[in-house]
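Enquirer: Below is a structure I'd like to ask you about.
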Amino acid sequence: MSGCMGTEMKQGGHAVVHRASWLVPIVASPVSNGAVMVRNGTVLAFGRYSAVKAQCPAHTEEIDHGSSAILPALVNAHTHVELSALHGRIPLPQNGFPAWIERLFALRTRLSSGELEEGCRTGEDLLARGATGLYGDITNGMNLSRTLHSAVPARVSFLEVLGFNIEDLDQAVPPHLLQHIEESDRGGGSCSSIAAHACYSTSESILKSAKDWTRSRRLPFSIHTAEHPEEIEFLREGTGFCRGLLERLGKWVPGWQPPGTTPVRYLDRLGILDSHTLLVHAVHMTEDDWEVVARRQCAVCFCPRSNRNLNVGLPDIRQAIRLGIPSALGTDSLAGNTDLDLFEEAAFVLDLYPEIHPEKVLYMMTQGGAQALHKTSLFGSIESGKRSALVAVSLPDSVPRSQLSETIIRKGREGAWRWASCPEAD
Ligand SMILES: [Zn+2]
C-alpha cells in the first residue's frame, strides 16, 4: 500500500496484462476471471481474461493478481491539501461550524509558507495511500501551480475566490492567476479552475462573474453549499454567526438584504446551477432544493465524515441517488477529518446508510467523482482509452458477485490493496 509512483514507466512502452479473480470496470458489470491490458499509461482492452489474452501481442507481460478485484483508482472529489499542516491540531469532533471555523482561523493564519508546502506534500502522500488517482482540491493559491507530487496521477485545482464586500472578479483573483488557470489543461488529466467559497462569504457579483468565467471555458465550478445551519439562517434572515463573522472581519456590507431563500434557490436565481457546477456538502436541503439540483443537472460531492466531525448534520445521500444526481465522495480537509482515505469515507457511508447499495457507493468513489470533476474521459472507470490508474484489492477466495462491492470497500479500508498499474503524474 504505497504511493503511486509511475509503475507504467518502469514497464516502458510494452503492453502489460493484469489478471484477477474479478475485474470491476464500474460502468459495466464486474467480470470474473477478468483482465485489463495497458500500455504507456492507457487502457487498451478489458474483459474476460481469455478474450483479452486473445488480443495480446506476442510476449506480452502478464501480472496475475490472484484473488483480487482490479478497479479504477479512486477519485476524491473534494479536499483542501493546503490545510494538511493542521492534521490533528483541531480536536474532532467540534461542536458546530462556528466553533470549528474559529479554531481554523486562529491556526491557519500562523502557518508559514514552508508549513503549507510541507502540508501539501504530506496531503498528496496520504491521498496516494488512499488509492487516489485523481483529486479535486480547493486552494487559496499555493496548490494551483505546485508541481504534482508523483504520488498521485492527477489533480483538479480550484482556486477559491471569496469576498463579501467586493464586486469585481479582478479584485478577488489576480489576473496572472486567471491566466495560469486558462493555460492549465494540457490534456493529461490535471487542470485548474475556480471555486467560490460559499454564499455567505462571497458577493452576488463575484459568484456570478466567477461562474461566468468558468462557464465560458467549459470548466467545472465548485462551491460549498448548504453545509451548516448558520448558512441557512444567514441567507434567510441575514442574521446569526455568519453576519457576526463578516462584521468582525470588516467585510460586512451595510444595507445588504438577505435573499430570503435557501442556498440552492439563491444560486439558481443567480444562474449558477448547471451541469458544470459541483455543490459540496448539501446537508441542509429541502425537497424543493433537491428537485432544483436534479433539474439543473448539478453534481454533488458528499463529505459525511467532515459533516459529522463538525457536527453540522448529515446529508440525505439517498435522495441524491434516487433522483439520479451525479454524486461523488470527498474527505474534505485534514482540519476536519482524520485522514484523506476514500475507502474510510465509503465504509462510513455503508455503516450509516445501510439502505444504499454498496455498488452505488463504489460508483460514487470512482466514476461519480470523475463526473463531478468533468474527467470521465480519463478517470473513474476501466474503459479503453482511459488512464491505467488501477488498484488491486485483495479478496477472500470465492467472494460472490452479490457481496463484491461491499467486500472491496471493507478490504480497501483495512489497507488490503496495492497499485496494480499507475501512470506517471501529470
Ligand atoms: Zn471544503
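Enquirer: Scan 361, 280, 312 and give me the residue that is within 16 Å of the ligand (Cβ to nearest atom), among the β-branched types (Val, Ile, Thr) and touching a helix residue (DSSP H, G or I) at 6+ places or on another chain (Cβ under 7 Å).
Expert: Numbers: 361 fails: within 16 Å of the ligand (Cβ to nearest atom); 280 fails: touching a helix residue (DSSP H, G or I) at 6+ places or on another chain (Cβ under 7 Å).
Exactly one residue qualifies, and that residue is 312.
Enquirer: Would you point out which residue out of 203, 145, 209 is in contact (Cβ under 8 Å) with a residue 12 or more places away in the chain and either crowded, with 23+ Cβ neighbours inside 10 Å or in contact with a strand residue (DSSP E or B) (Cβ under 7 Å, 6 or more places away or on another chain) (or both)? Give the steps one after another, and end with the answer.
Expert: On the way: 145 fails: either crowded, with 23+ Cβ neighbours inside 10 Å or in contact with a strand residue (DSSP E or B) (Cβ under 7 Å, 6 or more places away or on another chain) (or both); 209 fails: either crowded, with 23+ Cβ neighbours inside 10 Å or in contact with a strand residue (DSSP E or B) (Cβ under 7 Å, 6 or more places away or on another chain) (or both).
Every option except 203 fails the conditions.
Enquirer: Would you be able to say whether some residue in the stretch 341-356 is away from the ligand (no atom under 13 Å from the Cβ), buried (at least 24 other Cβ atoms within 10 Å of the Cβ), closer than 21 Å to residue 391 by Cβ and among the aliphatic types (A, V, I, L, M)? Full working, then the answer.
Expert: Here is the first cut: in the stretch 341-356, the ones away from the ligand (no atom under 13 Å from the Cβ) are 341-356.
Then drop every residue that is not buried (at least 24 other Cβ atoms within 10 Å of the Cβ), which leaves 342-343, 345-346.
Checking the rest, the ones that are also closer than 21 Å to residue 391 by Cβ come to 342-343, 345-346.
Right, trim to among the aliphatic types (A, V, I, L, M) and you get 342, 346.
Taking every residue of the stretch 341-356 in turn, at least one turns out to be away from the ligand (no atom under 13 Å from the Cβ), buried (at least 24 other Cβ atoms within 10 Å of the Cβ), closer than 21 Å to residue 391 by Cβ and among the aliphatic types (A, V, I, L, M).
Enquirer: In addition: Quick check on my filter: what residues within the stretch 362-391 are in a helix (DSSP H, G or I), closer than 26 Å to residue 48 by Cβ and among the aliphatic types (A, V, I, L, M)?
Expert: Selection gives 362, 365, 370.
Enquirer: Scan 215, 186, 155 and give me the residue that is among the charged types (D, E, K, R), in contact with a strand residue (DSSP E or B) (Cβ under 8 Å, 6 or more places away or on another chain) and surrounded by fewer than 24 Cβ atoms within 10 Å (Cβ to Cβ). Steps first, please.
Expert: Numbers: 186 fails: in contact with a strand residue (DSSP E or B) (Cβ under 8 Å, 6 or more places away or on another chain); 155 fails: surrounded by fewer than 24 Cβ atoms within 10 Å (Cβ to Cβ).
It is 215.
Enquirer: Search the stretch 159-180 for residues that are touching a residue at least 40 places away in the same chain (Cβ under 8 Å) and within 13 Å of residue 204 (Cβ to Cβ) and pair each with any residue that is of a type in the set (Ser, Thr, Tyr) and part of a helix (DSSP H, G or I) when their beta-carbon atoms are under 6 Å apart and the residues are at least 6 apart or on different chains.
Expert: Pairs found: 169/209.
Enquirer: Quick test of your reading of the structure: residue 358 fulfils all but one of (1) within 18 Å of residue 25 (Cα to Cα); (2) touching a residue at least 60 places away in the same chain (Cβ under 8 Å); (3) not aromatic (Phe, Trp, Tyr). Name the failing condition by number.
Expert: Every condition holds for residue 358 apart from (2).
FYI, it's all coordinate maths here, none of it is from the lab. Small disclaimer: the values here were computed from a predicted structure and weren't measured. All Cβ positions, even for glycine, are placed from backbone atoms using ideal geometry, and neighbour counts span all protein chains on display.
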